[in-house]
Every structure is written in C-alpha cells, then in structure tokens.
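One structure is given below, encoded as structure tokens.
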C-alpha cells in the first residue's frame, strides 16, 4: 500500500518521494475535473435555460380591428409570447385564472362568475397548447375582443377568448362576457421546460365602440401590464 510505503521514509523526507507527488497530482486533477463539470452544469442552467416573456402593445399586430361573421367589426387584443431563451419552449400554455373588476375608488372585486380557463393561440384553430416556440421566436395568444352584443340595441362588451365559450350561469350571465369598466386579468404562462410564471394586465374600455383603430385605442380601450 502507498501509505505503508511512504511511512517507511524518515519524517523529514517522505514528502520528497515521487509516489507522494503523483498521488497529490491525481487528487488535484480529479478535483479539478469534478469542479469543472459542476460549474459547467451551473452555467448551463443559468445561461441556457428557456425563458418566456409576454407583452401587449395597443397597436397592430397585437391589437387591431377585424371583421367577423355575425358580429361585424371587433377590436381584438392579443398577447405576444416570446421565447427569449436559447432552447425550444415545448408545449406552451396560457391560462387566465382570475378576473377582478376595479372600481372608481381603486378597490378591486373578484368577478365571481368568471370561469378560469386556458386561452387560445391566435391563427392556430383554437389550440390550447403551442407545441413549440423556437428561440427568439414568438406566437400570439388571444386575450379577447371588444364587440357589440345584442339585438336591436347591442351593448359593447369584452369577450374573453377562452378555449370554451361557457354556458350562462345564474342570472343569465355569461362568464366570459364583461360589461364596460376596468378589469385586472391574472395570467399563468408556462411550458414543459419553462417554470410557470404570473403576469397581470389591466384592461379598461368604455361603452363606446369606434370603427377605427386609432379612435378605439386612444378613446375607449387601454391595456397596461401590472
């Protein structure tokens, strides 16, 4: 054994043996290799992790007016979900889990009739899960739209674009239809390889519907992150 071997040397000279320095070198090299692998893993997690970012700009293409069948013109609100990481984001989902109405005095009240649901991805046939968002790429997710509902006297309402249009609840209220006012939406955004995070937006709109984007976005509809 090595330890028995070097103890045969006098105390003042055992550390001068070749075997001793070979053992020390081997230990140092092994420790250095382990440290390098450990640091590489840490750096990879810090700098290569897939990350998502969300934003809404009150201007095309995030927000714009389109013509629909049955309702005529509506003003759509879409959220931009961007992959700002270095890897592909897989199976991305967006859910709106809470809706509050904000009163004039600044207090907020949860809209009890609202049903938490996933939102639909724009231009993808109403899919709930976006299979892939490449690095430095983005997709739009439908938040909802402002349109006129009703018969001869239509009312302006905000239609939250949930994956399912729920049936009316007690009082004949449709959970995803909101009358004019100021609201706060809390969104949950995540993917298979991205931790879920929360993002809130304040959406305000009046009872006036304008047929131009410029007037609608400057006089009636406003959106801001919280």
At residue 213 and residue 148, where each label point lies 7 Å from the Cα along Cα→Cβ, what is the point-to-point distance in nanometres? 2.1 nm
Can you compute the FRET efficiency between residue 134 and residue 67 using 1/(1 + (r/R0)^6), with r the Cβ-Cβ distance and R0 = 30 Å? Round to the nearest 0.05. 0.45
Cα shape, the range 57-114, gyration tensor, a/c 1.5 rule: oblate
By Cβ neighbour count within 10 Å, fewest first, 112, 120, 182, 148 rank 112, 148, 182, 120
Can you give me the Rg/Rh ratio for the range 52-225, using Cα atoms for both radii and the Kirkwood formula for Rh? 0.96
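Values quoted throughout were computed directly from the atomic coordinates according to the rules given, and no laboratory measurement underlies them. Just so it is clear, the model here is predicted, and its values are computed rather than measured. Note that each Cβ is placed from the backbone with ideal geometry, even for glycine, and that neighbours are counted across all protein chains shown.
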